[in-house]
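Reading through the structure tokens given below for one structure.
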């Protein structure tokens, strides 16, 4: 791979053209992508902060609802008002849960939210315990502090400096508001009883200290505008009245203070504060703080939206610049390389069309015009010269293909002519031997004539195989349907070692005439292979049966050594390849090639099956339409068989048929019996040793 990169001279022309622009384009794309990615990451972070803003906006109504319930219980205004507030609080909780489901929160925030949810779950029982108001206020205050802790964690999630200060300032203002509302609830509880207890006074003092500290924290983080808004709203006559009444409540004697002297005379007087005045003053403070909270929320939301829009716009601008740069680079490359690439593509398309379509089609068919279509490149520069050179090569290739096709056709014609001439001689030889056998009475000579007869039959089959391999057709054709049993017997009679073949009874079916002769040759080749590759003392059986779908299955079984699995797969593959028209590659496999050609001609399936050491089985499946069942009675079959013997099964031309021999003289019964005895003795002597005649 490294060698190819270094050897740049062998790069393709488009690659060379692209290399001119690849460095600046790569740098521009890299820088642009990094910048866009940075802007997108910032935009996504701001989007996450926007979702946090929405969570805080949903959390604040829950906090305010809990604070309002605490105030109502402390004031004791009745269960109806409390029930209405409880409904508003639950609606706020539902909105918070929905917003949490839309937002991906951190593990810390999720854990704190779960704690808040568990704590709020106990409000139902707490709302019914209105008798011990201080305890209820303490529980509500604990829940409020827990929710404020969640708000503080949410505020700490705002990592951007422009948002962090506002988020923390909002939290401090909410904490200040909580202290004011807590003081309001404690004082209202004391006003309901008439006096405060020492613990409540202590809590008011602590709350006032916290309020001052938190206000200082807010002043340290807030912007000048935010600080100005806080100072404006958190000032005025109501604020001053609230401070004075709070100081009066803190300094007034408590109800659980020790009594000295006369108990009745030293009993503390009720708080000199009107509940309505206290509620009005503290409510005004809370309203002012609500304005600050709303302003900070709007500021936080506006800032997050602005920052996200700015980063999104920056990412869009960077994308546009990057796209414009790529378009410019692509335009330059297109203008520079268009002319060269057009000629190259035309040459390439023409070459591929010739290599993958035109030449293979001409080779397959052996036909075509010697005129070629030139490559559509008319220039005189290097590409034009290459195009003209390719046209010359194409022209020479077309001439070679046509010449080779003509040579193959001539060779096939030669094989066909030789086969037909030899076939004619063999047919004459067979007829001559039939005449000699008919009048021969010497058993020895008759046995030799039978051997010559089968050798000549084998020669005739070889000539027919040569005709099949040449793509021609043989002259022997059955003119009428032939019983399946006769087809099996005719196949056995076609081989040299016909004595070893055992023909089993076949089903009552007939093979159509135009298929019967090819099926005989096909089975003869299989029987010839079976006898050649099995021990001479064993028998080869041929049988037939009708399977599902009226398919005729013919089995040729020998008892040889069999074929191993790999060789069997190879043989079956060659049978299929022969049916597809592949040329013979090995001469010793000519018989299998003929079998494949004949089977493919009539859609007959042939496959071999074998087990090592247990012989080989050839299976031939003949479609039902080629070998239909025979429905006629035995008498009609016998009559047709006699008629077929009288008319001959084979169709031959009148010009090739030799003149009929002269009729022999009528023999006496004694001479006929002698001729029959001599015929039987000749047959016995012509058989191998220890072989019974069948």
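Read-outs: derived from the displayed coordinates by stated rules, not from any lab. Just so you know, these numbers come straight off a predicted model, no measurement behind them. Positions of Cβ are backbone-derived with ideal geometry, glycine not excepted, and every protein chain shown enters the neighbour counts.
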| remark: Taking a crude spin-label model, label points 7 Å out from Cα along the C-beta direction, the residue 10 to residue 339 distance in nm is 3.0
| query | Dividing the alpha-carbon radius of gyration of the stretch 1-117 by 2.2 N^0.38 Å (N being the number of residues), what value is obtained? | reply | 2.20
| said: Over the Cα atoms of the stretch 477-631, what radius of gyration and what Dmax do you get, in Å? | reply: 14.8, 45
| message | If neighbour count is taken as other Cβ atoms inside 10 Å, put 334, 383 in order from fewest to most. | response | 334, 383
| task | Could you quote the convex hull projected area for the stretch 189-328, Cα atoms only and averaged over all directions, in nm²? | result | 12.2
| Could you put 164, 158 in order, starting from the residue whose Cβ has the fewest other Cβ atoms within 10 Å? | 164, 158
| said: Quick check on the exposure proxy: order 348, 88, 165 from fewest to most C-beta atoms within 10 angstrom. | reply: 348, 88, 165
| said: 7 Å from Cα along Cα→Cβ at both residue 389 and residue 41: what's the point-to-point distance in nm? | reply: 5.4
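Give the relative contact order (percent, whole number) for the stretch 477-631; include only Cα pairs under 8 Å separated by 6+ residues.
On the way: 303 pairs, mean separation 39.9, N = 155.
It comes to 26 percent, rounded to a whole number.
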| query | So, how do all the Cα-to-Cα distances of the stretch 38-191 break down into 10 Å bins, in percent, from 0 on up? | reply | 11, 38, 31, 15, 4, 1
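Tell me, what is the FRET efficiency for residue 410 and residue 332 to the nearest 0.05, using R0 = 56 angstrom and their Cβ-Cβ distance as r? Can you show the working numbers first?
On the way: r = 60 Å, r/R0 = 1.08.
My answer for the efficiency is 0.40.
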| field | FRET efficiency, 1/(1 + (r/R0)^6) with R0 51 Å, evaluated for residue 448 and residue 569 via beta carbons | value | 0.70
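Given a Förster distance of 35 Å, report the FRET efficiency between residue 247 and residue 57 from their Cβ-Cβ distance, rounded to the nearest 0.05. Show your work: numbers first, answer last.
Details: r = 35 Å, r/R0 = 1.01.
For residue 247 and residue 57, the calculated efficiency is 0.50.
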